[in-house]
Amino acid sequence: MLRIRVIPCLLLKGQGLVKTVKYKDPKYVGDPINAIKIFNDKEVDELMLLDITASVEGRGPSFEIIKDVASECFMPLAYGGGIRNLDDIRRILATGVEKVVLNTAAIGNPELIQRAAQEFGSQAIVVSIDVKKRLFGGYEVMSARGSRKTGFDPVSFAKRVVELGAGELLVSAIDRDGMQQGYDLELVEQVTSAVNVPVISSGGAASVDDFIQVCAKSGAAAVAAGSMFVFTGPHRAVLITYPTKDQLRPLWHAERK
C-alpha cells in the first residue's frame with residue numbers, strides 16, 4: 001500500500017501567500033520562497049500552490065512566480081490557478097512542476113481535461129472540486145472560489161472528470177476551510193466510493209488525528225491542509241510548520257477504508 005501523503009496547500013494572492021477562512025478574508029502569511037525553503041528542510045511529502053485570484057480576475061498563471069517556486073522546491077509540486085489551455089499546462093510543466101490543478105477550467109472547459117490527459121498523462125492532471133453544503137441538505141460544486149453555484153453534484157462531477165482523464169481529485173469542503181474542526185468525512189467518503197483514482201481531502205484539518213480519520217473512515221489517499229501548517233496558537237500567529245516523522249507514524253500505519 002502506498003504511504004498516505006501529507007500535502008501543505010499554499011494559497012497565492014499576488015506576490016504573497018495567504019490563508020482564508022471559508023474561502024474569504026485572506027490573511028497574509030508570508031513570502032512563497034521563504035515558505036518553500038522551510039518545507040524543504042522539513043522534508044514535506046508534496047506541495048500544492050494555488051493562485052486563488054487568477055481565474056477570478058480573468059488572467060492566466062503567474063509564470064515567473066511558478067518558475068521561481070519550482071526551482072526552489074525539492075519535493076513534488078502541483079500548481080493551480082488561471083490555467084486556460086494546453087499551452088498554459090505545457091509551460092507550467094516545463095518549469096519542473098509535476099502536476100497541474102484544474103478547477104475553473106474543469107467546469108467551463110471540461111474537454112481540456114481529456115486533451116491534457118492525452119498529451120501529458122493522467123498522473124499530471126488533478127481536478128480540484130470545491131464543495132459547499134446545500135441549505136436543505138446535500139452538496140453542490142462551486143466555482144469562482146466558492147462564490148458561484150454550478151448546480152453540479154460532487155459525486156456525478158467527480159465521475160465525469162475521472163472519465164475524461166483526471167488522475168487525481170482534490171476535494172475541498174468550503175464550509176470547513178480554515179476552521180480546523182476536522183474534515184467533512186461524509187463528503188469525502190461519497191467521492192472516494194464513486195471513483196477509482198486517488199482523492200486528496202482538504203478543508204478542516206487541525207491534527208494528525210484528522211488525517212487518520214479521513215483516511216480510515218472515508219478512504220482518502222492523501223490529505224491537504226493550510227492553517228495547520230501556517231498558524232500556531234489560539235491567536236493564529238504565523239508559523240510555517242509540518243509534523244515530524246514520529247508524529248506522522250500513526251498515520252502511516254493506519255488502515256485505509
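Worth pointing out:
- Condition met for Lys67 (within 19 Å of Ser143 (Cα to Cα), among the charged types (D, E, K, R), surrounded by fewer than 18 Cβ atoms within 10 Å (Cβ to Cβ) and touching a residue at least 24 places away in the same chain (Cβ under 8 Å)): no
- Pair list, Cβ under 9 Å, 6 or more apart: the stretch 141-162 residue touching a residue at least 60 places away in the same chain (Cβ under 8 Å), other residue surrounded by fewer than 15 Cβ atoms within 10 Å (Cβ to Cβ): Arg145/Lys24; Gly146/Lys24
- Number of residues in the stretch 45-64 that are surrounded by fewer than 16 Cβ atoms within 10 Å (Cβ to Cβ) and in contact (Cβ under 8 Å) with a residue 40 or more places away in the chain equals 0.
- Some residue of the stretch 107-121 being β-branched (Val, Ile, Thr), in contact with a strand residue (DSSP E or B) (Cβ under 9 Å, 6 or more places away or on another chain) and under 24 Å from Ile36 (Cα atoms): no
- Applying the criterion of at least 3 residues that are of a type in the set (Asp, Glu) and out of contact with any Lys or Arg (no Cβ under 7 Å at 6 or more places or on another chain) to the helices (runs of 4 or more DSSP H) found wholly in the stretch 39-151 leaves an empty list.
- Among residues of the stretch 176-202 being within 15 Å of the chain's Cα centre (by Cα) and acidic (Asp, Glu), the one that is farthest from Ile4 (Cα to Cα) is Asp177.
- One residue from Ala78, Ala54, Ala144 being small (Gly, Ala, Ser), under 23 Å from Asp31 (Cβ atoms) and modelled with pLDDT under 95: Ala54
- Unique match (being over 30 Å from Gly233 (Cβ atoms), of a type in the set (A, V, I, L, M) and crowded, with 19+ Cβ neighbours inside 10 Å) among Val171, Val131, Val161: Val161
- Checking each residue in the stretch 21-49 for being hydroxyl-bearing (Ser, Thr, Tyr) and touching a helix residue (DSSP H, G or I) at 6+ places or on another chain (Cβ under 9 Å) picks out only Tyr23.
- Unmet requirement for Thr232, which otherwise passes all of (1) out of contact with any Ser or Thr (no Cβ under 6 Å at 6 or more places or on another chain); (2) farther than 20 Å from Lys22 by Cα: (2)
The values are calculated or read from the model by the stated rules, or taken from the named source; none is laboratory data. Predicted, not measured: the structure shown is a model, and the values here were computed from it. A quick note on method: Cβ atoms are made from the backbone with ideal geometry, for glycine too, and the neighbour counts reach across all protein chains shown.
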